[in-house]
Amino acid sequence: METLTKPNKMHIGRKISRIREIKGIKQDFLAMEMSVSQQTISKIEQSEEVEDSTLEKIATVLGVTVEGIKNFSEEGIVNYFNTFNDSSGSSAFTSNYNCTFN
């Protein structure tokens, strides 16, 4: 049986916005780094499609790849953080600190 991969159809502007928010970057900072106005960034984030040249500049400022933006998914981020923050104690570097203050 052949399975088809469903493309991630969430529009690019929302993906840019979510990545920016996750990284703690404000629209003002992104605008300043790209030499555009904050209103321009707002319009980009509301756009379903973004020009490749603009997307490359945004990716550079956000510290991600263009493919990272295009393939971004909320589900992937949740899975990443759930795995990364797993507190099962199976790590060799896990220490059990039980501080008591008398």
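The values are calculated or read from the model by the stated rules, or taken from the named source; none is laboratory data. The shown structure was predicted, so the numbers you read here are calculated from the model rather than taken from an experiment. Reconstructed Cβ throughout: ideal geometry from the backbone, glycine too, with neighbour counts over all protein chains shown.
General observations
- Qualifying residue in region 49-56 (condition: under 16 Å from the mean Cα position of the chain (by Cα), at pLDDT 95 or above, surrounded by 12 or more Cβ atoms within 10 Å (Cβ to Cβ) and not in a loop (DSSP other than H, G, I, E, B)): yes
- Every residue from region 10-35 that is among the basic types (Lys, Arg) and either surrounded by 15 or more Cβ atoms within 10 Å (Cβ to Cβ) or at pLDDT below 95 (or both): Arg14, Lys15, Arg18, Arg20, Lys23
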